[in-house]
Amino acid sequence: MSTIKGFSKLSRTDKIAWLAKHFLTSNPLDIAREFASFMHTNSETQRLFDGISENTLTNFYMPYGVAPNFVINGRTYVVPMVIEESSVVAAAASGAKFWSERGGFHAEVVSTTKVGHVHFQWRGDSDKLFTFFSDIKDILILEVSHLTQNMEARGGGLKNIELIDCTHLEPEYYQLKATFETCDAMGANFINSVLEEFARTLEEEAKVYPEFSGAEKKIEVVMSILSNYTPESVVKAWVECPVEELGSFPEADLDAQAFAKKFRTAVNIANVDVSRATTHNKGIFNGVDAVVLATGNDFRAIEACGHAYAARDGQYRSLSKVSIIDGIFRFEIELPLAVGTVGGLTRLHPLSKRSLEMLGNPGAKELMKIMASVGLAQNFAAVKALVTSGIQKGHMKMHLTNILRHFNATDLEIENALQYFADKTVSFSGVREYLVKVRG
Ligand code: MEV
């Protein structure tokens, strides 16, 4: 295997040439041409993309679509979605349309507190450490004031700090836990800067604390980092209507009552069975992630937190739930979301900026409501399909074009195939056989 030193210092052309020589099999010129073909035609924009990451060779395209008809708290949105899976945008749009005719989505932010920790080790009597902490608490806060003042001016900042004894979990292990309000920013840099300052102050103050002697003077900071688990940055979204207004589903021989019950059972199964819960929640994140990406937010943070939250009582469960009470069908979701509408990529990527404009330049709280509603719409559309026609009918129809493109079908072949498969089950081998036949 070829290893290399100083790869990052090579020019783009040399990086590609080295890669082609050692790791790719096609003609190096073709490879270079292919990478070049995905570069942005505007060199300034390309420089911007290159600057976002490292060792950039080109850009990787993802489809950018929109789902119209999202009525959320009485306001209508067109929601931008970046996703590579066919049928996700169509499902979101169909869920949005369905509920736009039944009162729309309702959403509220429960709280927006973010958390970070200085994880450290200290040897001594823990009571002494707690006294030290309360003696230096004001100094800790004062020492970060140069970092928090801007956020405070925007209505946020540091909310609280506390010392937590974790020695029952790991020897000599304590946490300084800090909570923050980061307003419209996701706030990762802000939180991490404050935590690192806390860490420095802790170490320095311990060295000179008169009540400490010997090993007590040494606080060993293991790490200072925000937590992506934000169970106190939570949004709720729900839809509801009289059961009768759900309509009937003749393809599955279900009237509104039977549909509502079957739908509830399906969601209940996702609440008790981890295998189903994972797929059910994946469907929710199909929608949430697509908006997270389109608005330049951090989908890894959102996913990690969402799944941890789904397992908060010790079992991984559905993030959504259904009730049918007094003839009212209610479907709701509760999601932890730490997102921003300022900072990070949100205003840097030209298309995230456009996405936010499309959404009316929302603040973080409004964006949380939009994302939760899209997750719920996505989940509704998926479960509705599952308990009525089955998922494959719609899925494979959308997938048909992809399969046809895989076989290099012409536009005319695609048009004819879409007609041919309109009333048939789509499968990869079925499409191949069909093409072999029509191509003679
Ligand atoms: C596919 O990407 C998502 C679904 O599997 C979600 C679900 O099963 O609820 C359709």
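Condition first: assigned by TED's automatic domain parsing to the domain that holds Ile325, open to solvent by 80 Å² or more (accessible area, probe 1.4 Å), part of a helix (DSSP H, G or I) and not acidic (Asp, Glu). Can you find one or more residues in the range 296-303 that meet it?
Yes, the range 296-303 contains a residue that is assigned by TED's automatic domain parsing to the domain that holds Ile325, open to solvent by 80 Å² or more (accessible area, probe 1.4 Å), part of a helix (DSSP H, G or I) and not acidic (Asp, Glu).
Which condition number does Tyr61 fail, the rest of (1) in the same structural domain as Asn297 (by TED's automatic domain parsing); (2) open to solvent by 80 Å² or more (accessible area, probe 1.4 Å) being met?
(1)
Ile302 - would you say it is under 17 Å from Gly375 (Cα atoms) and either within 16 Å of the ligand (Cβ to nearest atom) or modelled with pLDDT under 95 (or both)?
no
Is it the case, given these coordinates, that Ala237 is away from the ligand (no atom under 14 Å from the Cβ), closer than 16 Å to Ala381 by Cα, under 17 Å from the mean Cα position of the chain (by Cα) and hydrophobic (A, V, I, L, M, F, W, C)?
In short, yes.
Yes or no: Lys21 open to solvent by 30 Å² or more (accessible area, probe 1.4 Å) and closer than 30 Å to Glu205 by Cα?
So Lys21 does not fit the description; no.
Which residues, taken from the range 277-294, are open to solvent by 60 Å² or more (accessible area, probe 1.4 Å) and near the ligand (Cβ under 9 Å from one of its atoms)?
Thr279, Lys282 - these are the residues of the range 277-294 that are open to solvent by 60 Å² or more (accessible area, probe 1.4 Å) and near the ligand (Cβ under 9 Å from one of its atoms).
Given (1) more than 16 Å from the ligand (Cβ to nearest atom); (2) closer than 30 Å to Gly390 by Cα; (3) open to solvent by 60 Å² or more (accessible area, probe 1.4 Å), identify the lone condition not met by Phe70.
All conditions pass for Phe70, except number (3).
Got at least one residue in the range 1-8 being within 16 Å of the ligand (Cβ to nearest atom), open to solvent by less than 70 Å² (accessible area, probe 1.4 Å), of a type in the set (A, V, I, L, M) and in contact (Cβ under 8 Å) with a residue 12 or more places away in the chain?
The answer is no, given that none of the residues of the range 1-8 is within 16 Å of the ligand (Cβ to nearest atom), open to solvent by less than 70 Å² (accessible area, probe 1.4 Å), of a type in the set (A, V, I, L, M) and in contact (Cβ under 8 Å) with a residue 12 or more places away in the chain.
Given (1) modelled with pLDDT under 95; (2) part of a helix (DSSP H, G or I), identify the lone condition not met by Leu345.
Against the list (1) modelled with pLDDT under 95; (2) part of a helix (DSSP H, G or I), Leu345 comes up short only on (2).
Considering only the range 361-379, how many residues are assigned to a helix (DSSP H, G or I) and either near the ligand (Cβ under 10 Å from one of its atoms) or open to solvent by 10 Å² or more (accessible area, probe 1.4 Å) (or both)?
Result for the range 361-379: 5.
Kindly provide the set of residues from the range 380-398 that are in a loop (DSSP other than H, G, I, E, B) and in contact (Cβ under 8 Å) with a residue 24 or more places away in the chain, ordered by number.
Within the range 380-398, Thr388, Ser389 meet the criteria.
Sort out which residues of the range 186-196 are part of a helix (DSSP H, G or I) and either under 16 Å from Gly340 (Cβ atoms) or open to solvent by 30 Å² or more (accessible area, probe 1.4 Å) (or both), and write them in order of number.
Matches in the range 186-196: Ala188, Asn189, Phe190, Ile191, Asn192, Ser193, Glu196.
Looking only at the range 389-419, count how many residues are within 13 Å of the ligand (Cβ to nearest atom) and either open to solvent by 40 Å² or more (accessible area, probe 1.4 Å) or on the phi < 0 side of the Ramachandran plot (or both).
The total comes to 9.
For the range 33-63, which residues satisfy the criterion of being hydrophobic (A, V, I, L, M, F, W, C) and out of contact with any Asp or Glu (no Cβ under 6 Å at 6 or more places or on another chain)?
Residues satisfying the conditions are Phe35, Ala36, Phe38, Met39, Leu48, Phe49, Ile52, Leu57, Phe60.
If you take the residues of the range 248-270 that are touching a residue at least 12 places away in the same chain (Cβ under 8 Å) and not in a helix (DSSP H, G or I), which of them is nearest to the chain's Cα centre (by Cα)?
Applying the filter and picking the extreme gives Phe249.
Has the range 47-69 got any residue that is touching a Pro at 6+ places or on another chain (Cβ under 9 Å) and either under 30 Å from Asp14 (Cα atoms) or assigned to a helix (DSSP H, G or I) (or both)?
Yes, the range 47-69 contains at least one residue that is touching a Pro at 6+ places or on another chain (Cβ under 9 Å) and either under 30 Å from Asp14 (Cα atoms) or assigned to a helix (DSSP H, G or I) (or both).
Each row is one residue, and each column tells you yes or no for (1) open to solvent by 40 Å² or more (accessible area, probe 1.4 Å); (2) within 17 Å of the chain's Cα centre (by Cα); (3) among the hydroxyl-bearing types (Ser, Thr, Tyr).
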residue	(1), (2), (3)
His307	yes, yes, no
Gly314	yes, no, no
Lys321	yes, no, no
Phe329	no, no, no
Leu335	no, yes, no
Val339	no, yes, no
Arg354	yes, no, no
Leu359	no, no, no
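With the structure loaded, tell me whether Leu202 is assigned to a strand (DSSP E or B) and crowded, with 20+ Cβ neighbours inside 10 Å or whether it fails that test.
It is false that Leu202 is assigned to a strand (DSSP E or B) and crowded, with 20+ Cβ neighbours inside 10 Å.
Collect the residues in the range 224-256 that are over 27 Å from Glu108 (Cβ atoms) and aromatic (Phe, Trp, Tyr), keeping them in residue-number order.
Phe249
The values are calculated or read from the model by the stated rules, or taken from the named source; none is laboratory data. All of these numbers come straight from a predicted model, not from anything done at the bench. Cβ: placed from backbone, ideal geometry, glycine included. Neighbour counts: every protein chain shown. Ligands, DNA and RNA are stripped out before the accessible areas are found, and what is left, the full protein with its side chains, is counted by its heavy atoms. Shrake-Rupley method; radii C 1.70, N 1.55, O 1.52, S 1.80 Å.
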